Number of protein chains: 4
Amino acid sequence: MTYIRNFLKRECDDLKSPDLWRAMCAEWLGLTFVTLFATGTGLYHKENPSSAPSSVNIALEAGFMIGCLVTVFGTISGGHVNPSITMGFAVTREITLVRSVLYIAAQSFGGICGAGLLYVLTPPGMHHGSLGLIMPGKDVTDMQALGAEAVIGFFLLFGTFAVIDKGRNDLQGSVPLMIGLMVSINVFFAFNISGGCMNPARNFGPAVITGKLDKIWLYWAGPLVGGAFGALLYDKIFSTKACRWCLGG
Amino acid sequence: MTYIRNFLKRECDDLKSPDLWRAMCAEWLGLTFVTLFATGTGLYHKENPSSAPSSVNIALEAGFMIGCLVTVFGTISGGHVNPSITMGFAVTREITLVRSVLYIAAQSFGGICGAGLLYVLTPPGMHHGSLGLIMPGKDVTDMQALGAEAVIGFFLLFGTFAVIDKGRNDLQGSVPLMIGLMVSINVFFAFNISGGCMNPARNFGPAVITGKLDKIWLYWAGPLVGGAFGALLYDKIFSTKACRWCLGG
Amino acid sequence: MTYIRNFLKRECDDLKSPDLWRAMCAEWLGLTFVTLFATGTGLYHKENPSSAPSSVNIALEAGFMIGCLVTVFGTISGGHVNPSITMGFAVTREITLVRSVLYIAAQSFGGICGAGLLYVLTPPGMHHGSLGLIMPGKDVTDMQALGAEAVIGFFLLFGTFAVIDKGRNDLQGSVPLMIGLMVSINVFFAFNISGGCMNPARNFGPAVITGKLDKIWLYWAGPLVGGAFGALLYDKIFSTKACRWCLGG
Amino acid sequence: MTYIRNFLKRECDDLKSPDLWRAMCAEWLGLTFVTLFATGTGLYHKENPSSAPSSVNIALEAGFMIGCLVTVFGTISGGHVNPSITMGFAVTREITLVRSVLYIAAQSFGGICGAGLLYVLTPPGMHHGSLGLIMPGKDVTDMQALGAEAVIGFFLLFGTFAVIDKGRNDLQGSVPLMIGLMVSINVFFAFNISGGCMNPARNFGPAVITGKLDKIWLYWAGPLVGGAFGALLYDKIFSTKACRWCLGG
């Protein structure tokens, strides 16, 4: 009973915190950029196939973008810019439930805005009927694509929780950049399997704009479930606070 | 009245500051290198099409170059090396009006020098009649190219102001390198739309040398307007000093 | 006699240390990811040859991955994630013999798990009958491949020991990222010679799953011997502690 | 007279310093790796043209390598690993004349060792008769190649002296990595003009092994002259100590 009362109090207090609305704007703006830039990087004019970008473009753009946005929005919203990151913070009780729901709503709306903006900024010959929507590769089954998205969601959240572990004092260099490199790795690995999305809101945008929603559940379920498991595994077993416990400290 | 007097005094004092002329030399030298290297990276001999660089070359060269030059010239001129960065500092009153005008003049002259130097250093078969001049992609309208340049100018300035926000103490790693990564992201995104210039002086050089000035207004207006808006938005709404105000601090 | 007793005591104490088992789990998990991601990055559907990744994908993925995993597991297991790194720590007496044997066993098992997971996650058209197994290039003799693997193992360990030298205070930025860049360099260099493996456990996985074990000794012997020599050379001749001795300090 | 006596004393003292011989070994080993890896990165089997590396491979390998070696050898020899860097330190009187001559000799011998090692490690079908020797691009005149090498030597030394300026306290992140990025930029720019060497000893090795010495003067003269000018320009005009003087400080 006290537990429920404390839980509700924490939720309500967070809802009244004056920076929540600005944080939501940051997450919305962040996902607008993530979606616009990630989808735009992959487009080329169909009559000019030699200008097609390679998977190196896609992977480096995605990683550098997350490195930059985590840096830029870090002090404003925490710099999640990915519903699976928000999910990781929610399951480890780092943020409130109400905040995680609001963040994911803002991120999803940002994804739609980013895809809409791309539609306006590019000629019809560049849309390819998909606006950069990520789909599973040739012959890849839904289960394989789901598995690949879960694996990269797991890796991203496990790694992110390791580099933001407050008990560590051995980390040098830019932590956001390290998270960005994990994103690049994930895209390199999964590019020909699931496409390497790992950010549900980024794929939600072009799916809504083009109406191709049949595979979108893969790109929501995989990263959210894999990510939640990765965050919990690090937090409960490998983190410095779990370490003190397992060592009897 | 007092406001105007203070404004003029600040402008005149800055004009007399002994490091202004050296700072202008730095901005001139910086843009000479930015233009020479950015345009040179894209050139290849037309009889040897397999040596054509990809957009990965262009994007990484541009980002690494800005990362290096902001580091190299940071203590000399502030390391703007881009008129839209100078514009961002001007509209947020970080530098004086007279300094911003002189910087942009020096940068523009540097762009011309860089393009001229490239003309001398490369054989006619590599010029392609354009010396690396950036133009909108196939079927891209002027409004779309202008919009894309405004978006990347906005992103560059918003991000730059976030990472140089003096009130933040959570930043690790190299800030200039982070700004360079934003430049790489912008090129990855806009390469097939507007070409991904975001630096008016860099495109001004080859336009002047080759005389192809008809589209050059896009590459001045887009980054300057988008950049000014991005700088103001961060400074007035998302910066740590705006934060203290919105939180009643 | 006292030497042997101390040696055995040190080995037994380490075997009883409560964090050994968690460290082994970390090395196992690390190699699962290294193998899954490194082999997966190189795969593409054979009916879609334009989606074939380039050596840039392979080299950057490998380097970024090691940079991330050394960061993530640094405080848990030391973040070796490579039997040749473990070998380097063993020959310089930084870790006990028993720990090095257990680490290499865990890493090898991780390699097999990673390759098995890739088999499950990809359609048959992407396996190419090899699951990303690294083999010597065209016309490259076994001795040349062995030599190339020994050279890159030497470079990796020599460089790693230089950047983790506790007597140095001039290092800035992320040390794990610097180790990752060495891995990328090694792949760039050896890609067309031996394939640029340098991690015996990473190649052991696909070799076991596909049964192609005839060349696998090259990828064990080369990095382990080259790496041991590189670690010893730095430790005994170039390290700051060797330096104090040679300078009579 | 006193000046000459002091000069000679400084030279002799340095010749007797106990770390000089180890520093020479480091420069020799460094250039062996620089040459082996830089030349090896560009090779592919002529019957397998799809395995040809792109200029992205060459540029990133070169930059990451210099970033790593400057880090690895920084406290042993200063981590020059390039005769034009040694020349820059010599003309600004940061090192003695005798040390600079010995370093350049050790570097040149390292270049030959690296090229010889590559010859042994690769099959004849990969040599292409050139072992990765850098030559000017199609239609590029000797003067243009010399100019391009001088420009990139200037940029490398000017930038290096800026990031190692002891009077600056605004630098974050890894300084050697920043120097490495300058190397990558130089390769991106000059790849289709002069080939982007900027390291005379690196090209000296394959030239000696293959006997193609007719263009090698370009790759000695360009970087050494351009580099010396870049080092002096930063040191005398833009450095913090020059700054104090010009500001009357």
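The values are calculated or read from the model by the stated rules, or taken from the named source; none is laboratory data. Since we're looking at a predicted model, the values are computed, not measured. For neighbour counting, all protein chains shown are included, and Cβ atoms are generated from backbone atoms with ideal geometry for every residue, glycine included.
Some points to look at:
- Counted residues, region D:16-27 - those being more than 8 Å from every other protein chain (Cβ to nearest Cβ) and either surrounded by 24 or more Cβ atoms within 10 Å (Cβ to Cβ) or among the acidic types (Asp, Glu) (or both): 1
- Restricting A:ILE209, A:ILE237 to residues that are of a type outside the set (Lys, Arg) and in contact (Cβ under 8 Å) with a residue 24 or more places away in the chain narrows the list to A:ILE209.
- Residues that are of a type in the set (A, V, I, L, M, F, W, C), at the interface with chain B (Cβ under 8 Å from one of its Cβ atoms) and in a loop (DSSP other than H, G, I, E, B) were ranked within region D:154-199; the one that is nearest to B:ILE76 (Cα to Cα) is D:LEU171.
- A:GLY114, sole failed condition from (1) surrounded by 24 or more Cβ atoms within 10 Å (Cβ to Cβ); (2) more than 12 Å from chain B (Cβ to nearest Cβ): (2)
- Residue within region C:46-55 that is of a type in the set (Asp, Glu) and farther than 30 Å from D:GLY40 by Cβ present: yes
- Set B:ALA162, B:ALA231: member being more than 30 Å from B:LEU118 (Cα to Cα), buried (at least 24 other Cβ atoms within 10 Å of the Cβ) and either polar (S, T, N, Q) or touching a Ser or Thr at 6+ places or on another chain (Cβ under 6 Å) (or both): B:ALA231
- Residue that is touching a Gly at 6+ places or on another chain (Cβ under 8 Å), of a type outside the set (S, T, N, Q) and more than 14 Å from chain B (Cβ to nearest Cβ), where the choices are A:GLY211, A:GLY227: A:GLY227
- So B:GLY230, is it in contact with a Phe, Trp or Tyr (Cβ under 7 Å, 6 or more places away or on another chain) and part of a helix (DSSP H, G or I): yes
- The residues listed here are D:ILE95, D:ILE85, D:ILE104, D:ILE76; of these, the one that is more than 10 Å from every other protein chain (Cβ to nearest Cβ), aliphatic (A, V, I, L, M) and under 18 Å from D:PRO176 (Cα atoms) is D:ILE85.
- Looking across region A:200-214, the residues that are at negative phi, of a type outside the set (Asp, Glu) and not in a helix (DSSP H, G or I) come down to A:LYS212, A:LEU213.
- Options A:ILE66, A:ILE112, A:ILE104, A:ILE95: the member that is outside any helix (DSSP H, G or I) and either on the phi < 0 side of the Ramachandran plot or at pLDDT 95 or above (or both): A:ILE95
- Test for B:CYS68: is it touching a residue at least 12 places away in the same chain (Cβ under 8 Å), within 14 Å of chain D (Cβ to nearest Cβ), in contact with a Pro (Cβ under 9 Å, 6 or more places away or on another chain) and of a type in the set (A, V, I, L, M, F, W, C): yes
- Only listed residue being surrounded by 21 or more Cβ atoms within 10 Å (Cβ to Cβ) and either without any contact (Cβ under 8 Å) to a residue 40 or more places away in the chain or among the aliphatic types (A, V, I, L, M) (or both), chosen from A:VAL91, A:VAL120, A:VAL101, A:VAL81: A:VAL81
- Some residue of region B:124-138 being free of Cβ contacts under 8 Å to residues at least 60 places away in the same chain and either in a loop (DSSP other than H, G, I, E, B) or within 14 Å of chain A (Cβ to nearest Cβ) (or both): yes
- All positions within region A:45-63 that are at the interface with chain B (Cβ under 8 Å from one of its Cβ atoms), touching a residue at least 40 places away in the same chain (Cβ under 8 Å) and either under 14 Å from A:LEU121 (Cβ atoms) or assigned to a helix (DSSP H, G or I) (or both): A:HIS45, A:LEU60
- Long-range neighbours under 6 Å by Cβ, at least six apart or interchain, first residue within 30 Å of D:LYS241 (Cα to Cα) within region B:1-24, second of a type in the set (Phe, Trp, Tyr) and surrounded by fewer than 11 Cβ atoms within 10 Å (Cβ to Cβ): none
- Taken as a whole, the condition of being away from chain C (no Cβ under 14 Å), buried (at least 21 other Cβ atoms within 10 Å of the Cβ) and touching a residue at least 40 places away in the same chain (Cβ under 8 Å) applies to D:VAL151.
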